[in-house]
1. I'd like the residue in segment 85-130 that is closer than 16 Å to Ala68 by Cα and aromatic (Phe, Trp, Tyr) and, out of all such residues, is modelled with the highest pLDDT.
2. Given the conditions (1) within 24 Å of Ala55 (Cα to Cα); (2) surrounded by 14 or more Cβ atoms within 10 Å (Cβ to Cβ), which single one is not true for Leu200?
3. Among the helices (runs of 4 or more DSSP H) lying completely within segment 1-78, list those that include at least 2 residues that are closer than 19 Å to Ala165 by Cβ and at pLDDT 90 or above.
4. Looking only at residues in segment 171-191 that are crowded, with 16+ Cβ neighbours inside 10 Å and among the hydrophobic types (A, V, I, L, M, F, W, C), which one is farthest from Met114 (Cα to Cα)?
5. Being closer than 15 Å to Leu178 by Cβ, crowded, with 24+ Cβ neighbours inside 10 Å and either of a type in the set (Asp, Glu) or under 10 Å from the mean Cα position of the chain (by Cα) (or both) is the filter here; which residues of segment 112-128 pass it?
6. Being among the basic types (Lys, Arg) and within 23 Å of Ala191 (Cα to Cα) is true for just one of Arg129, Arg146. Which residue is that?
7. Output the residues belonging to segment 49-58 that are crowded, with 24+ Cβ neighbours inside 10 Å and over 10 Å from Ile32 (Cα atoms).
Amino acid sequence: MPIVLAYGHWRQSPRVLTMRPDSITPPFAEDIRWLFTISVQLGTPYFVSFLDAVAKAVSSPFLLFQFAMEANTRLPPYPQQYSMPPINRSMPPPQPSHSSKAFAHVAGRARAVMLQTYAHPSTAELYERCIEQFYAAAGVKLSHNRFNSSDMEDAHQLLVAAIAAFMRIPHAPTAHTLLEDFYRHVKKQKAWKKDVQHRLGSLLHEALNQQR
């Protein structure tokens, strides 16, 4: 009953959960983690339903990555010869922004690799959204010229998390290619100059060199 009531409230206010993709501590993060705990206790069908709702209503790449990893750990491999399970469409996905649409093809490649390596479809969907929202979050966080120490720290945490997400893609050549594309996206942003370029650029360079 608690998860049903909470989920009903969630459906009534999905816009709240789609704000500020660059936020490290998005609104209702603890409530969503509580729902995660309840869904695990109720069993796999509820857990899968929860994951599908997260993929549609949450825009924080930090949360999406966290739950993608939980899904990958808790859901068994999903052999391709079996039919795909129906995805819960009771909650429509948030309308993507123009920027997120531009990165859909990149995120789609991550999803395809996950499915090819027998990840559960709900895990693959979360990973697709996670990668897409890391692009959107980087665009928001690095979109202005005035960058203070707090902005630098937030951007650093964002890129560390994004690199971790790309490196978890279970096909090294694809992971490297997609991380290179993400690096090109980051370098196009207004804040990418001088101190920002030196600190964050070295972080991405090191990650790319590790994958070679």
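1. The qualifying residue modelled with the highest pLDDT is Tyr127.
2. Unmet for Leu200, out of (1) within 24 Å of Ala55 (Cα to Cα); (2) surrounded by 14 or more Cβ atoms within 10 Å (Cβ to Cβ): (1).
3. It comes to 29-42, 44-57, 61-74.
4. Among those residues, the one meeting the criterion is Ala191.
5. Of everything in segment 112-128, just one residue is closer than 15 Å to Leu178 by Cβ, crowded, with 24+ Cβ neighbours inside 10 Å and either of a type in the set (Asp, Glu) or under 10 Å from the mean Cα position of the chain (by Cα) (or both), namely Tyr127.
6. Checking each option against the conditions leaves just Arg146.
7. Hits for segment 49-58 are Leu51, Ala55.
The values are calculated or read from the model by the stated rules, or taken from the named source; none is laboratory data. Given the structure is predicted, the values throughout are model-derived calculations rather than measurements. Methodologically, a virtual Cβ is constructed for each residue, glycine included, from the backbone with ideal geometry; neighbour enumeration extends over all protein chains shown.
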